[in-house]
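Asker: Here you go, one structure.
The values are calculated or read from the model by the stated rules, or taken from the named source; none is laboratory data. Here the structure is a predicted model, which is why all the values come from computation and not from measurement. Here the Cβ is made from the backbone with ideal geometry for all residues, glycine too, and neighbour counts use every protein chain on show.
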Amino acid sequence: RSNAGSKPVVLCKGGLCCSKWGWCGSTDDYCLKEKCQSNCTRDDIGSGGGGSGGDGGALGDILSRELFEEMLSHRNDPRCPAANFYTYDAFIAAAKLYPDFAAKGNNDTRKMEVAAFLGQTSHQTNGFGGYCYNEALNCSASYCENKPNYPCYAGVSYCGRGPMQLSWNYNYGQFGESIGQKEELLQHPEVLKTDVTLSFMSALWFWMTAQPPKPSCHSVMTGEWIPSEDDVAAGRLPGYGVTTNIINGGLECGRGPDSRVDDRIKFYETYCDILGVSYGLNLDCYYQRPFNLGFLVESI
C-alpha cells in the first residue's frame, strides 16, 4: 500500500494499478481513472488476454480461451460459491507477472506444467469439477502460527483462499512481501476472494517459489529439479506426484493409496488429454516420504 496523497506518488509493483486509497490491484476498483492515482492502465498486466501470438504471453501460447473454458467448464455452476469469479483474462494477467510459468522447456513440457497447475488447483477448489471455491469452507479458525516477521492481526483468519487455497499467516505474509504488499495481505487476506488477478497471483507465487527443503512445483514439472540422494531414498522422484507432496504431503503422501491423491491425478490426466500431452512418470505420492510434517495450503 502507498500513502495516498503523499508526494511523490508510490507506484505499485508488477504493473498493478494504485487506487486513490493507496491499494494495489488490477480490477476496475483500482484502475478506473476516477478511482486510480498511479499506474492507471492494465496494459502491462494483460487485462485483455489473448489465446496465442503475443498478448497472452507464454501461457496464452499454450492455453487458449477456448481450452480454458473446456478445462474449467463447471466453474460457473450456480451452486459454486465462486461462480463467475475465475476468468481466463485474470489467469493470463497473473501469469505475465511470473514469466517463467509455462515458458520453460519444449511445448510438451510447457503443456504438462499448465496441466499440473490446473490439476492441483482444481483439486484445491473442487466442488462441481474444480474452481468452485475461492475461500475455504471453514474460515472461523485463525490459521495463525507465531512468526515474528508475519504477525497475525486480531479477528483475521488466514484460511485457504484463491486457486491454491493459500493458508497460514506466514504464506500470506511471504506472498505479500514478494509484491510489496506484506502488511496489506496480513491485515486483509480476504482480498484474495475479491481480486481475481491477485488471487491467481497467489497461486502462481506458491507454484513458482521453493520453500526448502521443498523445491518449487515449477522446477519439478519443468525437469529443473534434480532429486538428492535423500529424495531418492524417500521415493521422491521427478513427476506430478512430487507436486502433491509439496502442496500437502504431510497429510496425503506416504500413506499408500489415497482418494485425495487420486483426485489430483484424475484432474491432471484429464487436462493432459485436452492439451494432447503425455502424463509423464511418478504421478502419485503413495509411498513418498513427506518433505516435512507440515503443510502450506489447505484443500477444500
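Asker: Out of ASP89, ASP29, ASP100, ASP77, which single residue is assigned to a helix (DSSP H, G or I) and at pLDDT 95 or above?
Answerer: Values: ASP29 fails: at pLDDT 95 or above; ASP100 fails: assigned to a helix (DSSP H, G or I); ASP77 fails: assigned to a helix (DSSP H, G or I).
The unique qualifying residue is ASP89.
Asker: For the range 213-235, state whether one or more residues are free of Cβ contacts under 8 Å to residues at least 40 places away in the same chain, among the hydroxyl-bearing types (Ser, Thr, Tyr) and more than 25 Å from ASN126 (Cβ to Cβ).
Answerer: yes
Asker: Could you count how many residues in the range 236-257 are touching a residue at least 60 places away in the same chain (Cβ under 8 Å) and farther than 13 Å from TYR286 by Cα?
Answerer: Here the count works out to 1.
Asker: What tally of residues in the range 253-291 results from selecting those that are in a loop (DSSP other than H, G, I, E, B) and surrounded by 13 or more Cβ atoms within 10 Å (Cβ to Cβ)?
Answerer: Here is the first cut: in the range 253-291, the ones in a loop (DSSP other than H, G, I, E, B) are 253-258, 276-291.
With surrounded by 13 or more Cβ atoms within 10 Å (Cβ to Cβ) added as a condition, the list becomes 253-255, 258, 277, 279-280, 282-291.
Matching residues across the range 253-291 total 17.
Asker: Now for a separate question. Within the range 264-300, track down each residue that is under 18 Å from the mean Cα position of the chain (by Cα) and at pLDDT 95 or above.
Answerer: Step one: filter the range 264-300 for residues under 18 Å from the mean Cα position of the chain (by Cα), giving 264-265, 267-268, 271, 295-300.
If the condition is that a residue be under 18 Å from the mean Cα position of the chain (by Cα) and at pLDDT 95 or above, then ARG264, ILE265, PHE267, TYR268, TYR271 are the ones that fit.
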